[in-house]
Amino acid sequence: MHNNNKVLFTLSPLALATLVALGAPVQAQAESGNPFIDDSHLSGSLNWFHRNRTQKDASGQYKPNLNHDTLSLGLDFSSGYIADTIGFDASLYSGTPITEDGNCSEMALCGAKGDWKPDASYALLGRAYLKAKFGEGDYQANVKAGYVGMGGIGVLGDVWSIFPGTYQGFNITGKVKNLDLAYGWANEFREPWARDYHKFTAGSKEIDYVHSFGAKYSLDNGFYVEGGFGQSKDFMDRYMAKVGHSFQIDDQTKLDINGQYYAGKKGGDLWESSGAKPWEGTGHQEVLSAALNHGPWTFSAEYIQTTAKADNGGVGVFIPRMLGDGSYGKVGGRLDYWWNSISDWAYDGERAYNLGVKYDFASLGYPGLTAGTNLMKGSNITYRNADGSVASKDGKEWALNLDLGYTLQDGPLKGLGINAHYTNYNIVSPSAGNSGIWPNKDRRDLKVMMSYSKQFF
């Protein structure tokens, strides 16, 4: 534990208001005869996040690396529709470092001065957009424009946090019987931990916009096929494909299997001139995934293989985003496989395996209690010389994860949940030592999240 943690007690006005609101009784909403008002909803959330990570130093000893606690609060408003067509959604959120060790928690503001250090408590407007809907059932379309999210079908995704990142742009989703369609476009983005929106960039070059198109066709028997294409203008083209099937074996047993493909390559002149080209040629990943649910048990298995040849030697990394090197958090990408083990399991040449098991204790009389573990192992990580030739393929990494969660099932705090995730991560690089791979240190990482949400009307 750090002995120099700074304790901060300042809460923003929004934080105080939300704390009061979360403790207040739910009031019935009076009917006004206006669907925009009568069909609207307001909910709030209170979240506490703790992280304690240690890292092995040159002497082989584990030393403190991250140690912080963050309190986050949010309000989400969703309106009904005027003339059954037009509506408006908005959210406010607030974050306050309770304890901090000088490192960014990614759950509160940080990096305002470009130093990746935590800032003061804050309150911000999150997502805010006009929405419109047309049609219903097998033929429908939905449009959102303003400050929006981009998760779902296609190659754009949301940067994860308690309150995810926000795009300035629009997205359109549609349905024609078994076919789902989506298109998203944005010219600015704000990270979950940032105050301001910014233009997309590749190195020192500005990118006018990013956009994504996706389509998914599903059959009633559980089979589906999906494809996506996206671009960061004049820099990168992205592709993804996914095919899967769900088998209902019996009343207690279900098997889900799928194959995934992700790729990125040159999309214009900025690929070479920006200096942010993430790999030579086309970087790509192939994934096979399976999950078997039987009663309270869930068994999962994944295989991931990566090709991302470094353009100047060392170890290449496949980046699931459209902005190249140094773009962490600056835009979200699409990845459907499980990777919560510190590493992204996406190094050039890597062949990674993930085996997991999860148990739901409801069948033993403890509803809301779950526990699980999984083991990930990657090998064949490829080190290259400056001329691109292979120096070695003996890089390895592995991680053991433990998960424990509990959600209150009744009482005045029904829905209050706490989840703990522990990772023991280790990297082995016989030929090149620890150079060239990030994260290049053995780490032990504990994350604890407590969340409570409440709908007011």
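The values are calculated or read from the model by the stated rules, or taken from the named source; none is laboratory data. Since the structure is predicted, the reported quantities are computational estimates derived from the model, not experimental observations. Don't worry about glycine lacking a Cβ; one is built from the backbone with ideal geometry, like all the others, and counts go over all protein chains shown. Ligands, DNA and RNA are excluded from the accessible area calculation, which covers all protein heavy atoms including side chains. Shrake-Rupley method; radii C 1.70, N 1.55, O 1.52, S 1.80 Å.
The chymotrypsin sites (Phe, Trp or Tyr not before Pro) of region 131-174 that meet both conditions, a loop assignment by DSSP and at most 16 other Cβ atoms within 10 Å of the site Cβ, are TRP160.
With contacts taken as Cα pairs under 8 Å at a separation of at least 6 residues, region 117-171 carries a relative contact order of 30 percent.
The distance between label points at ALA83 and ALA386 comes to 6.7 nm (points 7 Å beyond Cα on the Cα→Cβ vector). Placing +1 on the Cβ of every Lys and Arg and -1 on the Cβ of every Asp and Glu, with no other charges, gives the chain a dipole of roughly 800 debye about its Cα centre. Structure note, pairs LYS175/LYS454; LYS216/LYS277; LYS63/LYS309; LYS358/LYS447; LYS330/LYS414: Cα-Cα distances above 25 angstrom occur for LYS175/LYS454; LYS216/LYS277; LYS63/LYS309; LYS330/LYS414.
The convex hull built on the alpha-carbon positions of region 211-252 has an orientation-averaged projected area of 3.7 nm².
Once you have a ≥ b ≥ c as the square roots of the Cα gyration tensor eigenvalues for region 135-210, tell me rounded if a/c is under 1.5, and otherwise prolate or oblate according to whether a/b is larger than b/c. Here region 135-210 falls in the prolate category.
A 1.4 Å probe run over the protein chains yields, for the chain, 48 Å² of accessible area per residue, whole-number rounding.
Hand me the trypsin sites (Lys or Arg not before Pro) from region 115-177 located in a DSSP loop with no more than 14 other Cβ atoms within 10 Å, in residue order please.
LYS177
Rounded, prolate or oblate: which fits region 40-118 when a ≥ b ≥ c are the square roots of the eigenvalues of the alpha-carbon gyration tensor, with rounded for a/c under 1.5 and prolate only if a/b beats b/c?
prolate
Divide, for region 176-325, the radius of gyration over alpha carbons by 2.2 N^0.38 Å, where N is the residue count.
Cα-based Rg divided by the globular estimate yields 1.27.
Note on region 325-366: Cα-only Rg and Dmax are 16.3, 50 Å. Could you run the Debye sum over the Cα atoms of region 50-171, one equal point scatterer each and no solvent, and tell me log10 of I(q)/I(0) at q = 0.11, 0.13, 0.14 Å⁻¹, two decimals? Log10 of I(q)/I(0), two decimals: -0.54, -0.68, -0.75. Placing unit charges on the Cβ atoms of the charged side chains and taking the dipole of region 194-321 about its Cα centre, the candidate lying farthest along the positive direction among LEU288, ALA308, HIS245 is ALA308. Two numbers describe the Cα atoms of the chain: Rg and Dmax, which are 23.1, 72 Å. Rounded to the nearest 500, the 222 nm mean residue ellipticity of the chain from helices alone is -1000 deg cm²/dmol, with -39,500 (n - 2.57) taken per DSSP H run of at least 4 residues.
For region 227-254, list residues with backbone N below 20 Å from a point placed 7 Å from the Cα of ASN312 toward its Cβ? Counting backbone N atoms under 20 Å from the label point, the list is 235-236.
Here the relative contact order of the chain, from alpha carbon pairs under 8 Å that lie six or more residues apart, stands at 12 percent. In this structure, the residue pairs whose Cα-Cα separation is over 26 Å, taken from LYS199/LYS242; LYS144/LYS205; LYS199/LYS266, are LYS199/LYS242; LYS144/LYS205. At a probe radius of 1.4 Å, what is the per-residue accessible area of TYR347, in Å² to the nearest 10? Here the accessible area works out near 10 Å². Packing-based ranking of 408-416, 117-125, 394-402 yields 394-402, 117-125, 408-416, ordered from highest to lowest mean Cβ neighbour count within 10 Å. Near the amide H of ILE207, within less than 5 Å, lie the amide hydrogens of PHE200, THR201, ALA202, all on another chain or at least 5 residues away, with H placed in the peptide plane. Sorted on the mean count of surrounding Cβ atoms within 10 Å across their residues, most packed first, peptides 249-259, 101-111 read 101-111, 249-259. Could you compute the net charge surrounding ILE257? Neighbours are other residues with a C-beta less than 15 Å from the C-beta of ILE257; K and R count +1, D and E count -1. With Lys, Arg at +1 and Asp, Glu at -1, the net is -3.
Shown are HIS41, HIS421, whose ranking by accessible area with a 1.4 Å probe and every protein chain present, most to least, is HIS41, HIS421. Summing +1 for each Lys or Arg and -1 for each Asp or Glu among the other residues whose beta-carbon sits under 9 angstrom from that of MET322 gives +1. Largest to smallest in accessible area, the residues GLU272, GLU280 fall in the order GLU272, GLU280 (1.4 Å probe, all protein chains included). Cα-based values for region 276-340, radius of gyration first and Dmax second, are 15.3, 51 Å.
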